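K.L.:
Sharing a structure with you now.
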Amino acid sequence: SLVLQQMSGHIRSGCMTALMGPSGSGKSTLLNCITGKLTSPTHITGKCFLRYSLDSSSVCETRIGFVPQKDSLYTRFTIFETLVFACKLNNPSWSVSEQQSHIDSTLKSLDLTDQKHFSLSKLSGGQLKRVSIATELVSNPAILILDEPTSGLDSDSAERLIHLLKNISNTTESPAILATIHSPSYEIFSTFDDIILLSKNGYN
């Protein structure tokens, strides 16, 4: 049977969009299609389009950051070491000073500056999630996709994380943010700018 049917929608730079729907409605499948993780031409049809301003210089260098539901980090590193590795890997042409400046701004945007020399093995679940997001942000993505970013977090940590993402979406040249959210509180729900809602049979 088809998981997703007649899907359409859009996300905008500078905005946070929530992807919602009951279990089994195809939220994770949709994210995998958008990010290219599902590519079988036999089972998948459809197109994704990117629109830029006429003076954009980054059309050919579009980056999509993806933060999975389960964090996958090397816990023997510190936060700073983790971001240095990610930044060097994704931005090899940048100078050391450019990399350092971008890492510092990313740490600040996710409220991790004071903990940057902490080992990942000592962090809380909320802090680990913010580090996972930071490793994607240092690559300067045009689109940031998060699969259940509040999963496993207490209500305070979840609200703090969503508000930090909202602040990031309000910055200059901010990425378009798309996040799957399950049973959000009113405080979290009201933070999003747009909503894509899937029904149980895969329609929206």
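Since every read-out is calculated from the coordinates, none of them should be taken as a lab result. Keep in mind that this is a model prediction, so the values were computed, not measured. Backbone-built Cβ (ideal geometry, glycine too); neighbour counts: all protein chains shown.
K.L.:
Describe numerically, in nm with one decimal, the distance between label points set 7 Å from Cα along Cα→Cβ at Glu98 and at Ser199.
P.N.:
4.9
K.L.:
Right, something else. Using 28 Å as the Cα-Cα cut-off, could you pick out the over-long pairs in Lys88/Lys122; Lys27/Lys108; Lys47/Lys88; Lys27/Lys88?
P.N.:
Distance filter (> 28 Å) returns Lys27/Lys108; Lys47/Lys88; Lys27/Lys88.
K.L.:
Taking a label point 7 Å from the Cα of Ser23 along the Cα→Cβ vector, which residues of region 156-190 have an amide N closer than 17 Å to it?
P.N.:
Under 17 Å, as judged by backbone N against the label point of Ser23, lie 181-184 of region 156-190.
K.L.:
Based on the Cβ-Cβ distance of Lys37 and Phe189, what FRET efficiency does E = 1/(1 + (r/R0)^6) give at R0 = 30 Å, to the nearest 0.05?
P.N.:
0.65
K.L.:
In nanometres, what is the gap between the two model label sites at Ser121 and Thr75, each 7 Å from Cα along Cα-to-Cβ?
P.N.:
Placing both labels 7 Å along Cα→Cβ, they lie 0.8 nm apart.
K.L.:
Something else now. Per 0.36 nm of contour for each residue apart, how much would the distance between Ser155 and Lys88 grow if the chain were fully extended, relative to their Cα-Cα spacing? Can you show the working numbers first?
P.N.:
On the way: separation 67, 0.36 × 67 = 24.12 nm, distance 3.40 nm.
Answer, rounded to one decimal: 20.7 nm.
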